[in-house]
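A.B. asks: What follows is a single structure, and I will ask about it in a moment.
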Amino acid sequence: MAVVSRSASEPTLSLQADDFALFGLPRRFALDVAELDERRKALQRLSHPDRHAAAGAAAQRVAMQWSVRINEAWQRLRDPLRRAAYWCELHGVPVQADSNTAMPSDFLLQQMQWREALEEADGDADALHALRREVEAERAARLQRLAQAIDQDADPAAAAAQVRALMFVERLLDSLHARLHEAERLKAH
């Protein structure tokens, strides 16, 4: 049972819809987050259990399930890496980050150099900030390549490889931010 719209201006929810279709968006990497947020609000209003109170408990349970489905889809589409991984999956090329860790040797070498620089910085906030800027620049460049792989080239294999690389970069940035936080905390005392 699907929650359906009550007027021509409201979307119709379909159980078969992928996340992009659910939000009425094209299957693209680039999207307007504000538009996504507005569509989420509209869908939440449409599926709100109170709106289906007159239809009984079963209809309210279905509406609650739709509310959960909408939130899960919104969270997936809102996050660039999750959105890209989902796009790859929809195109038959799952990212398989746990089982496919093969990376080009130049990228692996860069990762090792960054990890060494992180260890050598050892509380040096200036060195950590410089490293963060370098890694964030790499992240921005890879996000651009990811957008091209999806939106211009429609190449799920290339997109999946970029997602896997970006997952490494994100983990490094998480470590860097933790070290920076600690270095700044120690500097303040």
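The values are calculated or read from the model by the stated rules, or taken from the named source; none is laboratory data. Nothing here was measured: the structure is a model prediction, and the numbers come from that model. Glycine gets a Cβ as well: all are built from the backbone with ideal geometry, and neighbour counts include every protein chain shown.
A.B. asks: Check L172, L131 and return the single one that is over 30 Å from E89 (Cα atoms) and either at pLDDT 95 or above or not in a helix (DSSP H, G or I) (or both). It would help to see each step written out before you state the result.
C.D. replies: Values: L172 fails: over 30 Å from E89 (Cα atoms).
Going through L172, L131 in turn, the sole match is L131.
A.B. asks: With the requirement that a residue be modelled with pLDDT under 90 and either closer than 15 Å to R142 by Cβ or in contact with a Gly (Cβ under 9 Å, 6 or more places away or on another chain) (or both), what does segment 83-112 give you?
C.D. replies: Residues of segment 83-112 modelled with pLDDT under 90: 96-104.
Matches in segment 83-112: A97, M103, P104.
A.B. asks: Among L166, L77, L143, which is the only one that is out of contact with any Pro (no Cβ under 9 Å at 6 or more places or on another chain), in a helix (DSSP H, G or I) and not acidic (D, E)? Walk me through how you get there before you give the answer.
C.D. replies: Numbers: L166 fails: out of contact with any Pro (no Cβ under 9 Å at 6 or more places or on another chain); L143 fails: out of contact with any Pro (no Cβ under 9 Å at 6 or more places or on another chain).
Unique residue meeting the criteria: L77.
A.B. asks: What do you reckon, is R139 over 21 Å from A85 (Cβ atoms) and at pLDDT 95 or above? Walk me through how you get there before you give the answer.
C.D. replies: Numbers: over 21 Å from A85 (Cβ atoms): no; at pLDDT 95 or above: yes.
No.
A.B. asks: Can you tell me which residue within segment 159-177, out of those that are surrounded by 11 or more Cβ atoms within 10 Å (Cβ to Cβ) and free of Cβ contacts under 8 Å to residues at least 60 places away in the same chain, is farthest from D124 (Cα to Cα)?
C.D. replies: First, the residues of segment 159-177 that are surrounded by 11 or more Cβ atoms within 10 Å (Cβ to Cβ): 159-173, 175-177.
Still in the running and free of Cβ contacts under 8 Å to residues at least 60 places away in the same chain: 161, 169, 171, 173, 175-177.
On the way: A161: 33, V169: 21, R171: 20, L173: 16, S175: 14, L176: 11, H177: 13 Å.
Across segment 159-177, the extreme among qualifying residues is A161.
A.B. asks: If I ask for residues that are among the β-branched types (V, I, T) and surrounded by 15 or more Cβ atoms within 10 Å (Cβ to Cβ), which ones from segment 86-107 would you list?
C.D. replies: Our first condition is that a residue be among the β-branched types (V, I, T); within segment 86-107, this holds for 93, 95, 101.
The answer is V93, V95.
A.B. asks: Additional query: Quick check on my filter: what residues within segment 38-65 are of a type outside the set (K, R), modelled with pLDDT of 80 or more and surrounded by 13 or more Cβ atoms within 10 Å (Cβ to Cβ)? Full working, then the answer.
C.D. replies: Within segment 38-65, the first condition is being of a type outside the set (K, R), and the residues that meet it are 38, 42-44, 46-50, 52-60, 62-65.
Add one more test, that the residue is modelled with pLDDT of 80 or more, and what stays is 38, 42-44, 46, 64-65.
The answer is A42, L43, Q44, L46, M64, Q65.
A.B. asks: Can you work out which of the residues in segment 178-189 that are in contact (Cβ under 8 Å) with a residue 60 or more places away in the chain and of a type outside the set (A, V, I, L, M, F, W, C) is surrounded by the most Cβ atoms within 10 Å (Cβ to Cβ)? Please lay out each step first, then the result.
C.D. replies: Start the filter on segment 178-189 by keeping residues that are in contact (Cβ under 8 Å) with a residue 60 or more places away in the chain, which leaves 179, 183, 186-187.
Narrowing further to those that are of a type outside the set (A, V, I, L, M, F, W, C): 179, 187.
Numbers: R179: 21, K187: 9.
Filtering first and then ranking leaves R179.
A.B. asks: Another question, then. Looking only at segment 68-91, decide whether some residue is more than 30 Å from F168 (Cβ to Cβ), of a type outside the set (A, V, I, L, M, F, W, C) and over 10 Å from the mean Cα position of the chain (by Cα).
C.D. replies: Our first condition is that a residue be more than 30 Å from F168 (Cβ to Cβ); within segment 68-91, this holds for 68-70.
Filter once more, so that each one left must be of a type outside the set (A, V, I, L, M, F, W, C): 69.
Of the ones still in play, those that are also over 10 Å from the mean Cα position of the chain (by Cα) are 69.
The answer is yes, given that some residue of segment 68-91 is more than 30 Å from F168 (Cβ to Cβ), of a type outside the set (A, V, I, L, M, F, W, C) and over 10 Å from the mean Cα position of the chain (by Cα).
A.B. asks: Keeping to segment 127-153, report how many residues are farther than 20 Å from M103 by Cβ, over 18 Å from the mean Cα position of the chain (by Cα) and touching a residue at least 40 places away in the same chain (Cβ under 8 Å).
C.D. replies: Number satisfying all stated conditions: 3.
A.B. asks: Output the number of the condition that E120 fails; it satisfies all remaining conditions of (1) under 21 Å from the mean Cα position of the chain (by Cα); (2) over 21 Å from R164 (Cα atoms).
C.D. replies: (1)
A.B. asks: Might you check whether a residue that is at positive phi and out of contact with any Asp or Glu (no Cβ under 9 Å at 6 or more places or on another chain) occurs anywhere in segment 124-136?
C.D. replies: Going through segment 124-136, the residues at positive phi turn out to be none.
Within segment 124-136, not a single residue is at positive phi and out of contact with any Asp or Glu (no Cβ under 9 Å at 6 or more places or on another chain).
A.B. asks: Here is a list of conditions, (1) under 15 Å from D19 (Cβ atoms); (2) modelled with pLDDT of 95 or more, and V68 meets all of them except one; can you say which number that is?
C.D. replies: (2)
A.B. asks: Working only within segment 108-130, note down all residues that are closer than 25 Å to R82 by Cα and surrounded by 16 or more Cβ atoms within 10 Å (Cβ to Cβ).
C.D. replies: Passing the criteria: Q110, Q111, W114.
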